[in-house]
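What follows is a short report on a single structure.
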Amino acid sequence: MDLPDYYEFCCRVKIVAGHNALEKIPVLLADKGSKKPLIITDKGVVGAGLIDIVSRVLQDRLAGTLIADNVPPDSDIRIVHQLAQLYRDSGCDAIVAVGGGSVMDTAKGVNIVVSENASDLMAFSGAGALKRPLKPLIAIPTTAGTGSEVTQVAVIKDHEKHLKMAFLSYFLLPDVSVLDPRMTMTMPPFVTAMTGMDALSHAMEAYYCLQKNPLSDAHALSAVNMIYRYLPIVADNPLDPNGRLAMSVGACLAGIAFSNSMTGIVHNLGHASGSVCGVPHGQAMAILLPYGLEYNMHKCEDTIVRLLLPMAGEAVYHDTVKEQRPQKVVSLIRQLNEDLHKMTDGRHARCFGELKDREQKPTVPREALPRIARAALLDGASMYNPEDTDYDDNLMVLEAAWEGHPLDRSKVKKG
Amino acid sequence: MGLVDVVRAGRKPFKRAYVAVFLWFTGRAIQAAAKVDEQVRREFDSLPDDFTFSLGVLPDGPWMLIGKDKGRVKYLGGNPGGRRIYIRLAMKNIETAFLILSFRESTALATARNRLITEGEVPHALAMIRVMDIVEVYLLPKMIARLAIKRYPSWTPGRKVFGRIGIYTRVLLGI
Amino acid sequence: MNPETVFTFTCPVKTNSGNKALENLPIELSGLNAGKPLIVTSIGKVGRNAIRTLTGAFGDSGMTLGVFDGLPDKVDPALIEQLRTTIIEGKYDSVISLGGGTIVDSAKILNLAVSLKTTDVRSLSAQTPVNRNLLPLVVVLTANATGLETSQQATLNGTVLSSEYLAPVLVVIDPRLTRGKEGKIIYATGLAALGRALEAHIGAGKNPFREAYSFAAIRFIRENLPAAVRNPDDKKTTLAVLNAAAMSGCAFSGTDASPLHKLGQVFQEVYNIHPGIIMGMCLPHILGDYLHQGGHDLSSLLQPLTGDDDFTQTPEDQRAGATVSVLNRFMADLYSVLGKDVPQTLKEPGVPRYVMEDILDVLDADPDGVYLRAVVGRIWDKTPVAEKKG
């Protein structure tokens, strides 16, 4: 286990996990002295019947619970201020966020406004603007992927001014994250597949990127172990409660790992393909993950090789000759994508070329690749990637990922 | 209150002086590189017309500023003088600044070790980091520059040698 | 992870470890809205140089610090009350403890007394409700840590107070302070870390979040303790051992039944001996018992205790046994490096009879008292490591 010359690690979130973990919420709120929480969620979560489960748990003990379900798929500063007003007007004293990444971001934004009594959220953007604990925030993720229930970041968009604001502070970490398999059981297989691959990409990138440290490593390895084992199980059988719980725990471990170790080229190109072509984040992660490992292999083969045992288990580890172990990691991820492709009747794409939108048009036309490669130069994830990336490097990786061919590693520029 | 010794934090004048000199040097070198190197010029061209970048040490300096002025890239000393700062790269303390400016930790590693605080928009910050990487290749011998950046570029000998001479001359003359 | 029960894990401590970690203290404090810390330590335990290194790290920050370097070996309620007054009157807004073990207990109790406005420190008990944020507490580790510094516990003369709010907000591990004068200091710190990490790793309520800390702690001890004990002046390996100590404290919170920890604590309380020394004596006996009894997941310890290759080469049904023999060999190696510097039985340092009686009295009050007494009886003069070797 490597000890870097210097590192920092922090995850203050209390994790409460298990079947019936939701039932702990009344006690958790009481611990924080809360009598009237505001539940922040979105229509999709309500439509899937998940809020019914949460409110049933809360109803007995907390009569005053308020539900706001108008979080849009993309966080919006207007909604943040609107919900903050609702929180104040109703005399709420805690926030319970139920949903995916956008709900978590919105809840964190609302928490800044109500805790700092801010009239303008903008004043708190960037790093280090928050200096004291905020109001109690309980996060209940409904996907097993983003890890935002354990990250110290919130991204809020101002759609009128075309601005994307990032907020970074340990005080944005939720007080508690509740992982209950009932919250992810209704996810259809293709969403399960891509959110699961998002989580796996968090764990793996966290393990090879520059900010890695012993604690992020330990979380990452454990996450890889759980996600690789249980993702095919729940994609195949969505109602497997133990599999669902394991995936939630795995995604949470991966979230802790990457929020302390950051991510690299996979996320860098993934963000860019999302902003240029609207590729769903998890789908981009699934496609790009093997390429991230290949691109960085010459710099971190000794690191990547250690992913094999937690992934594939002892038999495969033992039966693979030492020299081939790093490559085995890559090929197992390609195989996993292949399996998920089959389980989702082809909806889970293996390469950019076969990705289609709702009208069956290609999501990523080949001629868009140069634009994605350029957009990636504007994204911060490149900082933490072990090898340098420029426009040509990005394009080379994107072209291979579009075709679905392994990366020709002899063409990767080395310093 | 005899129970407790009250200690006022000391000063580190030598390290401060070293850091100040290096910030001055880096500032003038960036100004020079923007004239000498095509890639650096292109990076600055893509930035806003009143773009200002500041690099320095928390909590109270020293700082250096680089800004665009009527299309030209200029070293602006240590005082913002009312200019809007687009990117502020702050090193957390004087020891950290010393580690980075004596090239014992690369910008990428220092970032990965949480030694820098970046304020401003990410694309601007990345552009400035690319500029500083290029400047380091010009200023430093290959052996040291290799540690300071992720991938040593394969430039033509002409670009490196003439660029290096051009930048050193301009830094010393301040042009 | 047992899916049938709901588990909870929390580690409120941020870790800053490595080169120039101390110099980040001013910015860490200002991020917590604090700017005037009170440093509490014991000059006898940490030495003047360590205090100078710490205060020197604030250079150029413009901050004012208070330094109290006279903490005794035991938590002294009267002194805590005086320091409480100092904090309030001097308007200190944070506490930094420098050192390990009881120094941190004092700092935690002091923080509690300030934040809960307790004028009578003796009135604090296990029942005292601690359910809100206290002042920011930073622990700066030195070579003789015990691992409990990062835990959610504080011991006030035999009474254990426990709350997540008692944990420090930040642990700082700086290689300038982790080097020890003697191998036996690093040995004791390492064994305390190993003991607690082992108990966390196999204890009830096992979960992957806790295991991340215990796994990393055990690996670090295995990979670094022998070298650190041989050369206690080495920065890299001692830094790793102290990292393991900090991790073990994080993993340990929430572990209940823990004979190694309990025995270590009792001897520290009553006889003022580093708990790691006692845990080292007890470790082979207790793990041997576990192996004999079955029901403890010893096989899960083999991977952190060996490495990926050795682990996969050992057949599954032999892993528990392999764990015990690996540990016994590990202990035997450490003892052979240290020779007579570290006692392997209680008889060697000659613990007086009246002390032993006090210790046994305390153990009697424990639900596992009968077993703990039996272990104490065995470590009096038996060294299982030597027996096995022979």
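Partner chain Cβ atoms within 10 Å, averaged over the residues of C:55-66 - can you pull that number for me?
Working: counts 5, 4, 4, 5, 10, 16, 7, 5, 4, 4, 6, 6.
Taking the mean over all residues of the peptide, I get 6.
Sort the following peptides by mean Cβ neighbour count (other Cβ atoms within 10 Å, averaged over residues), highest first: C:216-227, A:98-109.
Working: C:216-227: 24.5, A:98-109: 27.2.
Output ranking for C:216-227, A:98-109: A:98-109, C:216-227.
Write down the percent of antiparallel bridges among all DSSP beta bridges whose residues are both part of the protein assembly as shown, to the nearest 5.
Numbers: 36 of 80 bridges.
Here the antiparallel bridges make up roughly 45 percent for the protein assembly as shown.
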Can you give the angle from 0 to 90° between the axis of helix A:325-343 and the longest principal axis of chain A, with both taken from C-alpha atoms, to the nearest 10?
60
Could you work out how far helix C:275-293 tilts from the main Cα principal axis of chain C, as a 0 to 90 degree angle to the nearest 10?
40
Spherically averaged projected area in nm², based on the convex hull that wraps the Cα atoms of segment A:299-376
7.5
Which residues' amide hydrogens lie under 5 Å from the amide hydrogen of C:ASN157, considering only partners 5 or more residues apart or on another chain, with H built in the peptide plane?
C:VAL75
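Would you calculate a helix-derived [θ] at 222 nm for chain C, using -39,500 (n - 2.57) for each DSSP H run of n ≥ 4 and dividing by the full residue count, to the nearest 500? Present the calculation step by step, with values, prior to reporting the outcome.
Values: 17 runs with 203 residues, N = 390.
Computed mean residue ellipticity for chain C: -16000 deg cm²/dmol.
Counting only C-alpha contacts under 8 Å and six or more residues apart, can you give the relative contact order of chain A as a whole percent?
Details: 795 pairs, mean separation 60.6, N = 415.
Dividing the mean separation by the residue count of chain A yields 15 percent.
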Pick out, from B:GLY81, B:PHE98, B:PRO59, the residue whose Cα sits farthest towards the positive end of the charge dipole of segment B:13-173, with +1 on the Cβ of Lys and Arg and -1 on the Cβ of Asp and Glu.
B:PHE98
Would you mind ranking A:SER177, A:SER259, C:SER325 by Cβ crowding within 10 Å, fewest neighbours first?
C:SER325, A:SER259, A:SER177
Viscosity 1.306 mPa s, temperature 10 °C: Stokes-Einstein D of segment A:259-415 from its Kirkwood Cα radius, in µm² per second?
99
Using alpha-carbon positions, the gyration tensor of the protein assembly as shown gives root eigenvalues a ≥ b ≥ c; with a/c under 1.5 called rounded, otherwise prolate if a/b exceeds b/c, else oblate, the class is rounded
What whole number of Å gives the distance from the Cα centroid of segment B:138-152 to the Cα centroid of segment C:145-220?
40
Starting from the Cα gyration tensor of chain A, multiply each eigenvalue by 5, take the square root, and state the resulting semi-axes largest first in whole Å.
35, 23, 21
For chain C, longest principal axis from Cα atoms; helix C:353-364 axis from its Cα atoms; angle between them, nearest 10 degrees, is 90
Applying the Karplus parametrisation 6.51 cos²θ - 1.76 cosθ + 1.60 with θ = phi - 60° to the phi angles of segment C:24-38, what ³J(HN,Hα) value in whole Hz is obtained for each residue in order, glycine and proline being reported as x?
7, 4, x, 6, 5, 5, 5, x, 9, 6, 10, x, 9, x, 9
Surpassing 22 Å at the alpha-carbon level, of the pairs B:LYS12/C:LYS20; C:LYS235/C:LYS262; A:LYS212/C:LYS184; A:LYS14/C:LYS14, are C:LYS235/C:LYS262; A:LYS212/C:LYS184
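222 nm [θ] for chain B, helices only, -39500 (n - 2.57) per DSSP H run of 4+, per residue, to 500?
On the way: 7 runs with 88 residues, N = 175.
Dividing the helical sum by the residues of chain B leaves -16000 deg cm²/dmol.
Counting other C-beta atoms within 10 Å, which of C:GLU316, C:GLU149, A:GLU116, A:GLU403 has the fewest, and how do the rest follow?
Numbers: C:GLU316 9, C:GLU149 28, A:GLU116 18, A:GLU403 12.
Lowest to highest Cβ neighbour count: C:GLU316, A:GLU403, A:GLU116, C:GLU149.
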Going highest first, how would you order A:294-302, A:33-41 by mean Cβ packing within 10 Å?
A:33-41, A:294-302
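For segment C:227-330, count the residues as N, evaluate 2.2 N^0.38 Å, and divide the Cα radius of gyration by that value, please.
Dividing the Cα Rg of segment C:227-330 by 2.2 N^0.38 Å gives 1.19.
What Kirkwood radius, in Å to one decimal, follows from the Cα pairs of segment A:1-141? Mind showing how you got there, number by number?
Numbers: mean 1/r = 0.0622 Å⁻¹.
Here the Kirkwood hydrodynamic radius works out to 16.1 Å.
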Setting aside same-chain residues fewer than 8 positions from B:LYS74, which lysines have a Cα under 18 Å from its Cα?
B:LYS35
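Report the convex hull volume per residue for segment C:14-178, counting only C-alpha atoms, in Å³.
Numbers: hull volume 16.1 nm³, N = 165.
Normalising the Cα hull of segment C:14-178 by residue number yields 97 Å³.
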Prolate/oblate/rounded call for segment A:34-111, Cα gyration tensor, a/c under 1.5 rounded
oblate
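Run the numbers on segment C:14-178 and let me know its relative contact order in percent, using alpha-carbon pairs under 8 Å that are six or more apart.
Values: 311 pairs, mean separation 46.2, N = 165.
That works out to 28 percent.
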In terms of Cα to Cα distance under 15 Å, which aspartates and glutamates are near enough to A:LYS413, apart from those fewer than 8 places away along the same chain?
A:GLU294, A:GLU387, A:ASP388, A:ASP390, A:ASP392, A:ASP393
Rounded, prolate or oblate: which fits chain C, taking a ≥ b ≥ c as square roots of the Cα gyration tensor eigenvalues, rounded meaning a/c under 1.5, else prolate when a/b beats b/c?
prolate
What ranking of B:MET132, B:MET64, C:MET281 emerges when the number of other C-beta atoms within 10 Å of each C-beta is taken as an exposure proxy, fewest first?
B:MET132, B:MET64, C:MET281
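Where in chain B are the helices, taken as whole DSSP H runs, whose Cα atoms extend 20 angstrom or more along the long axis and whose Kyte-Doolittle mean reaches at least 0.0? Don't skip to the end; give the middle numbers.
Details: long enough: B:13-36 (34 Å, 0.62); B:122-139 (25 Å, 1.29); B:157-173 (24 Å, 0.33).
Membrane-span-like by this criterion, though nothing is claimed about a membrane: B:13-36, B:122-139, B:157-173.
Using per-residue counts of other Cβ atoms within 10 Å, averaged over each peptide, order A:346-354, A:212-220 from highest down.
On the way: A:346-354: 19.9, A:212-220: 27.3.
Packing proxy ranking, top to bottom: A:212-220, A:346-354.
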Take peptide B:120-131, look around each residue's Cβ out to 10 angstrom, count Cβ atoms belonging to other protein chains, and average those counts.
3
Ignore the peptide's own chain and count Cβ atoms of other chains within 10 Å of each Cβ in A:381-391; give me the average, rounded.
4
Just how far, in whole angstrom, is segment A:338-415 from segment C:275-313 if you go by their alpha carbon centroids?
46
Of the listed pairs A:LYS32/A:LYS164; C:LYS74/C:LYS206; B:LYS70/B:LYS142; A:LYS35/A:LYS108, which have alpha-carbon separations greater than 28 Å here?
A:LYS32/A:LYS164; C:LYS74/C:LYS206; B:LYS70/B:LYS142
With +1 on each Lys and Arg Cβ and -1 on each Asp and Glu Cβ, and nothing else charged, work out how big the dipole of segment C:282-390 is about its Cα centre, in Debye to the nearest 20.
460
Please provide three numbers in whole Å: the alpha-carbon extents of chain B along the principal axes, with the largest listed first.
68, 38, 31
If contacts are Cα pairs under 8 angstrom and at least 6 residues apart, what is the relative contact order of segment A:189-411 in percent?
26
Straight-line reach from A:LYS342: which aspartates and glutamates fall under 14 Å, measuring Cα to Cα and dropping same-chain residues less than 8 apart?
A:ASP236, A:GLU354
Are there cysteines in chain C with no other Cys C-beta under 4.7 Å, and if so, which?
C:CYS282
Apply the Karplus parameterisation 6.51 cos²θ - 1.76 cosθ + 1.60, with θ equal to phi minus 60°, to every residue of segment A:234-244 and state each ³J(HN,Hα) to the nearest whole Hz, in sequence, with x for glycine and proline.
7, 5, 7, 10, x, 8, 6, x, 5, x, 5
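Computed from the coordinates by the stated procedures, all read-outs in this text should not be read as laboratory data. Predicted, not measured: the structure shown is a model, and the values here were computed from it. Cβ atoms come from the backbone with ideal geometry, glycine included; neighbour counts cover every protein chain shown.
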